[in-house]
Amino acid sequence: MISVAGGSVEAGRLGRTLPHEHLIVTSPEVWAGWTALLGPRDALIEKVAGELAAIRAEHGIDAIIDPSTPDMGRDVRLVEDVCARSGVAVVVATGSWLRPPRSFLERSDEELARHFVAEIADGIEGTRSRAGVIKVASGERLDAGAEKIFRAAALAHLATGVPIIAHGEARTGQHPVLADLLESVGVSPGAVCLAHVHDTGDYRYLADLARRGYWLGLDRFPGAFRGGASPAERIDQVARLVADGYGPQLCVSHDWCTRTTLMSDADERRYRTEYNPDGFSWCHRHLIPELDRRGLAGIEAQLFTDNPRRFLTPRAGR
């Protein structure tokens, strides 16, 4: 079974899925004391549900993985409301992003792991929603706080079998460092998606990680807003990885969100109108047609149905 907001589904019944997106990205402090930044809650839910319903109608998207953690403003009750109104399932995450709460960092690895396990096994914040992935993150260099989160996540994975999504910085070569750390705690590469690996144009970087057995998070399409590899280069990477036999290890998506407060309002408008006016639809409107033109017709089912199902299916815990 695969956990989704409010319940679970059998792996074979999980339909077309975008494996790395966000509903809302914000700070927990905004929910606590500056909700005017996000506007009325009901209007926000309607906006998010409307965007998900639109990609369901246009592309048949049945689910997304939302690796938002508490320090990204995760709100499970809002996610449940969005699922009910949109008809799109959402896989929610436990773990921590780049700003782990001090309360996390003051706990032992084992105590923090028990918290992650509880969100996987028992539910999040008293809801029926259980985490289906464990999200961890490191910045340009691995610091002591991030290392603690990674070790705790590894212990939680070993206890539950739930897969890990690991945010890393390709431009500073951090993904092999994160891979080494997770392996040192006993995590198999096949249980980990290394997010944002295609921010580099170095194909060898991607192929080396795929050869080790990792899932590759090609999850920042189209990519130009954040720098790094261009949209065309990122499409070339997908085609070459598929040609080299790594298609079954690719998690392709956008790292998109319907609303964020982690940039200015002006930058967010530019983000939506200049960078990617297609939003959650970019891959289906641009990437898939281009891959079809290159003779890779049929790859859509692998990238957006088969691969997410296999990635999300829990491994045997220890």
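The values are calculated or read from the model by the stated rules, or taken from the named source; none is laboratory data. All figures in this text were calculated on a predicted structure; none of them were measured in a lab. Neighbour counts are summed over all protein chains in view; Cβ atoms, including those assigned to glycine, are modelled from backbone coordinates with ideal geometry. Each accessible area value is taken on the protein alone, full model and side chains, heavy atoms only, with ligands, DNA and RNA left out. Shrake-Rupley method; radii C 1.70, N 1.55, O 1.52, S 1.80 Å.
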key: Residue among Arg285, Arg293 that alone is closer than 17 Å to Ile61 by Cβ, without any contact (Cβ under 8 Å) to a residue 12 or more places away in the chain and charged (D, E, K, R)   = Arg285
query = Taking into account only those residues within the range 1-39 that are among the hydrophobic types (A, V, I, L, M, F, W, C) and under 18 Å from Ser86 (Cα atoms), which is most open to solvent (accessible area, probe 1.4 Å)?
reply = Val9
request  = Could you tell me whether Asp42 is free of Cβ contacts under 8 Å to residues at least 60 places away in the same chain, within 27 Å of Pro314 (Cα to Cα), of a type in the set (Asp, Glu) and surrounded by fewer than 20 Cβ atoms within 10 Å (Cβ to Cβ)?
outcome  = no
query = Inside the range 251-318, counting only helices (runs of 4 or more DSSP H) that do not spill past its ends, which hold 1 or more residues that are at pLDDT 95 or above and not aliphatic (A, V, I, L, M)?
reply = 288-293, 307-312
Total residues in the range 126-140, condition out of contact with any Asp or Glu (no Cβ under 9 Å at 6 or more places or on another chain) and surrounded by fewer than 24 Cβ atoms within 10 Å (Cβ to Cβ) = 1
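The rows are residues; the columns are (1) β-branched (Val, Ile, Thr); (2) open to solvent by 10 Å² or more (accessible area, probe 1.4 Å); (3) in contact with a Lys or Arg (Cβ under 8 Å, 6 or more places away or on another chain).
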site	(1), (2), (3)
Asp180	no, yes, no
Ser188	no, yes, yes
Leu194	no, no, no
Leu206	no, no, no
Ala232	no, yes, no
query = Which residues, counting only those in the range 268-282, are over 17 Å from Gly228 (Cβ atoms) and open to solvent by less than 60 Å² (accessible area, probe 1.4 Å)?
reply = Glu268, Arg272, Asp278, Gly279, Phe280, Ser281
